[in-house]
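Report on the following structure.
The values are calculated or read from the model by the stated rules, or taken from the named source; none is laboratory data. Computed from a predicted structure; not experimentally measured. Ideal geometry is used to build each Cβ from the backbone, glycine not excepted, and the neighbour counts take in all protein chains shown. Calculation scope for accessible area: heavy atoms of the full protein, side chains included, ligands and nucleic acids excluded. Shrake-Rupley method; radii C 1.70, N 1.55, O 1.52, S 1.80 Å.
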Amino acid sequence: MNITHAYAAQDAKSKLAPFDYKPRELRAHDVQIEVLFCGVCHSDLHQARNEWQNTIFPVVPGHEIVGRVTATGAHTQKYRVGDLVGVGCMVDSCRSCPSCQEGLEQYYEEGFVPTYNGQDRETKAVTYGGYATSVVVHEDFVLRVPENLDLAGVAPLLCAGITTYSPLRHWNVGPGKKVGIVGLGGLGHMGVKLAHAMGAHVVLFTTSPSKIEDGKRLGADEVVISKDPQQMAQHTNSFDFILNTVAAQHDLNPFINLLKRDGNLTLVGAPEHDHPAPHVFDLIFKRRSVAGSLIGGIAETQEMLDFCGKHNITSDIELIAMNQINEAYERMLKSDVKYRFVIDIDTLRQESAA
Ligand code: NAP
Ligand code: ZN
């Protein structure tokens, strides 16, 4: 019998534990992927613990998937058995609304189908993610992985990479621009690497003094301890753009005050509780703006992967076994990960075979 071995949380309080399910039969344009590596995003933790209050249990997290194609549907055109591929946060969308037609499937009006904790558009079956031995995905939502990169380090590009790449591109980050990245976690460290590769002057804001050296090694020209008002004051009115990746509620005003006239602060961190509203006058008097950004479309995700292939960019990772996932979540909550946990899914295959 065709069975997928996975790890799932059964409710908001329980730890992740082994969970088996029967995958769907391959549809005409489906691709079956043997998962090799899956990154661990803070969004996995938010949803496993129902912090966004929309989790359908049991939930199999994982949307930073790298693997190899093992089977294709009758009419699959883009991929063949043996291809190295990736899957990110989306597995379907309507393809006909204005957002989908512009390649911005993530902003699809009715809501895209997330890789996990979503519902299939045809059958309404709950989607299960990449903490699993295999996944079945429509070929339009499968990405091609550059062959020159370390595969475990590629996995986090599928969410942390695109979520930082997309707003950096949208806000025209490049040479001559002063760009801040707030928080050196999974998203933040990709933001530092990508903004540096785009040619900007990059300033990392961290709450962790122990990360100063790493910040510079990863590509930051300067590192600021964001809890130190004196260090912050030295950068008042100087930034074109700041990308905030912090996973917890905090005061945005100290960052808004660092923006130039017309500067923008974009939020990608999605904390359980909202940030307090910022001071209105600090926005008005310099025409500053605060925006949000959600992952990136499929075409832009491929563009980001190709950019990373060209610039030899991967995530700095700590490879873990599947059964270390609960410990990894606890460490992520303490900002104690350098800088992304990635699950070696072979350990799940071995555990399931034993
Ligand atoms: P992560 O690896 O846990 O990194 C978050 C970083 O935020 C930490 O490393 C820490 O950096 C900083 N931080 C944590 N708590 C803080 C606090 N109380 N005050 C100030 N700084 C704090 O998480 P991640 O996987 O990068 O995800 C970050 C957030 O983005 C999550 O909320 C996630 O759900 C969200 N997300 C959004 C999208 C999107 O499309 N918008 C996509 C993926 C993820 P320092 O130690 O350097 O201070
Ligand atoms: Zn994610």
When only C-alpha pairs under 8 Å and at least 6 residues apart count, what is the relative contact order of the chain, in percent?
18
Pairs of Cα atoms farther than 17 Å apart, the range 160-292, %:
53
Dividing the alpha-carbon radius of gyration of the range 63-143 by 2.2 N^0.38 Å (N being the number of residues), what value is obtained?
1.08
Do any trypsin sites (Lys or Arg not before Pro) in the range 22-99 lie in a DSSP loop with no more than 16 other beta carbon atoms within 10 Å, and if so, which?
R24, R27, K78, R80, R95
Could you pull out every residue, at least 5 positions away or on a different chain, whose amide H is within less than 5 Å of the one on I343? Hs are placed 1.01 Å off N in the peptide plane, and Pro or chain starts have none.
C38, G39, V40, I320
Calculated FRET efficiency for the pair D306/A28, C-beta based, R₀ 35 Å, to 0.05:
0.80
Mean separation of Cα contacts under 8 Å (at least 6 apart) over the residue count of the range 112-173, i.e. the relative contact order in percent, is 15
Among the chymotrypsin sites (Phe, Trp or Tyr not before Pro) in the range 57-137, which ones are in a DSSP loop with at most 11 other Cβ atoms within 10 Å of the Cβ? Mind listing them?
none
Selection from V59, I343, T301, by position along the positive dipole direction of the chain (Cβ):
T301
Whole-number D in µm²/s for the range 10-104 (Stokes-Einstein; Kirkwood sum over Cα pairs; 20 °C, 1.002 mPa s):
138
What are the extents of the Cα atoms of the range 85-235 along their three principal axes, in Å, largest first?
56, 35, 30
Only Lys, Arg, Asp and Glu count, each charged at its Cβ (+1, +1, -1, -1), so figure out the dipole size of the range 1-147 about its Cα centre, rounded to 20 debye.
340
For the chain, what is the charge dipole size about the Cα centre, in debye to the nearest 20, if Lys and Arg each add +1 at the Cβ and Asp and Glu each add -1 at the Cβ?
640
How large are Rg and Dmax for the chain when only the alpha carbon atoms are used, in Å?
20.0, 65
Given a Förster distance of 45 angstrom, what is the FRET efficiency for E122 paired with Q230, based on the Cβ-Cβ distance and rounded to 0.05?
0.20
Accessible surface, the chain, averaged per residue in Å² (probe 1.4 Å):
43
Which of E34, E303, E25 ends up with the largest GNM mean-square fluctuation for the chain, with Cα atoms connected below 10 Å?
E25
By how many degrees, 0 to 90 and rounded to 10, does the Cα axis of helix 298-311 deviate from the longest principal axis of the chain?
70
Report D for the range 275-354 in µm² per second (integer): Stokes-Einstein, Kirkwood Rh on Cα pairs, 37 °C, 0.692 mPa s.
194
Out of G176, N244, H279 - ranked by how far each Cα lies towards the positive end of the dipole of the range 160-292, with unit charges on the beta-carbon of charged residues - the top one is G176
Centroid-to-centroid separation of the range 221-300 and the range 1-45 [C-alpha atoms, Å]:
35
Going by alpha carbons, how many degrees (0 to 90, nearest 10) lie between the helix axis of 186-197 and the longest principal axis of the chain?
70
